[in-house]
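Beneath this line is the structure, given in structure tokens, with notes to follow.
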Amino acid sequence: MALLESNQMEKGTPLPEFKLKDVDGKIVRSDQFADVGHLLVVFTCNHCPYAVAAWPLLVDLHKRYRDQGFQIIAINPNNNPSYPDDGFDKMKPFAEKNGIQFPYLFDEDQSVALAYGAVCTPDPYLFHNGKLSYHGRINDNWKDPEAVAERSLELALKRDMGEGSGPDQEFPSMGCSIKWNR
């Protein structure tokens with residue numbers, strides 16, 4: 001496991017396009033979310049300990065804010081035969097087991113991760129009205145949910161919803177390196 005910090009995408013960048021299959025094999029396109037006011041695109045996977053720790057936080061965030069115009073799109077960019085737990089065939093059982101009620105997509109050729117500049121899992125990108133508003137850590141303690149002092153991503157979301165000023169400082173996300181198949 002190689003620990004990496006995310007690259008920074010410039011704030012205000014429009015949502016990069018994607019067209020990927022979900023866990024059921026159905027195609028999901030970025031333009032289907034053009035009217036979503038608050039869209040979180042997060043590059044993640046099934047096996048990385050940082051990503052595994054983030055899944056319950058993402059599921060909870062979605063449950064609490066989905067009725068306020070918030071949508072999550074999770075994208076698995078790890079299409080590498082050396083990491084079979086992240087394979088497409090493992091994604092649906094993983095989603096069912098973890099109560100994931102938002103699209104979980106497979107970036108088979110890894111072109112979407114490249115377009116975003118994603119480097120690690122999890123790597124969250126929050127878009128407000130189609131423009132990047134936050135790209136950084138989910139919180140300040142990935143290992144111990146009880147010790148979290150700042151929920152950075154949620155603060156950014158609430159700022160975008162007109163409820164607060166966001167995190168005091170933006171720190172990059174960190175996690176396992178994307179398992180490139182190049």
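Every read-out reported here was derived from the displayed coordinates using simple, explicitly stated rules and does not represent laboratory data. Note that the structure is a prediction, hence the values are computed from the model and not measured. Ideal geometry is used to build each Cβ from the backbone, glycine not excepted, and the neighbour counts take in all protein chains shown.
Entry remark, segment 8-43: residues being in a loop (DSSP other than H, G, I, E, B) and more than 14 Å from TYR104 (Cα to Cα) number 13 in total. In the set (1) within 29 Å of ASP85 (Cβ to Cβ); (2) touching a residue at least 40 places away in the same chain (Cβ under 8 Å); (3) surrounded by fewer than 18 Cβ atoms within 10 Å (Cβ to Cβ); (4) of a type outside the set (Asp, Glu), the condition left unmet by GLY136 is number (3).
Per the conditions (1) surrounded by fewer than 23 Cβ atoms within 10 Å (Cβ to Cβ); (2) at negative phi; (3) not hydroxyl-bearing (Ser, Thr, Tyr), the sole criterion not satisfied by PHE43 is (1).
Checking every residue in segment 105-114 against the condition of being more than 19 Å from PHE43 (Cβ to Cβ) and either in contact with a strand residue (DSSP E or B) (Cβ under 9 Å, 6 or more places away or on another chain) or among the hydroxyl-bearing types (Ser, Thr, Tyr) (or both) gives zero matches.
Restricting attention to segment 100-128 and to residues that are surrounded by fewer than 15 Cβ atoms within 10 Å (Cβ to Cβ) and in contact (Cβ under 8 Å) with a residue 40 or more places away in the chain, the residue that is farthest from ASP22 (Cα to Cα) turns out to be ALA115. Residues in segment 85-111 that are in contact with a helix residue (DSSP H, G or I) (Cβ under 9 Å, 6 or more places away or on another chain), of a type outside the set (Phe, Trp, Tyr), in a helix (DSSP H, G or I) and more than 13 Å from LYS179 (Cα to Cα): LYS90 only. Name the residue that is farthest from TYR116 (Cα to Cα), counting only residues in segment 72-99 that are surrounded by 19 or more Cβ atoms within 10 Å (Cβ to Cβ) and of a type in the set (S, T, N, Q). Looking at residues that are surrounded by 19 or more Cβ atoms within 10 Å (Cβ to Cβ) and of a type in the set (S, T, N, Q), I get ASN79. Within segment 146-163, the only residue that satisfies the criterion of being hydrophobic (A, V, I, L, M, F, W, C), without any contact (Cβ under 8 Å) to a residue 24 or more places away in the chain, part of a loop (DSSP other than H, G, I, E, B) and surrounded by 15 or more Cβ atoms within 10 Å (Cβ to Cβ) is VAL148.
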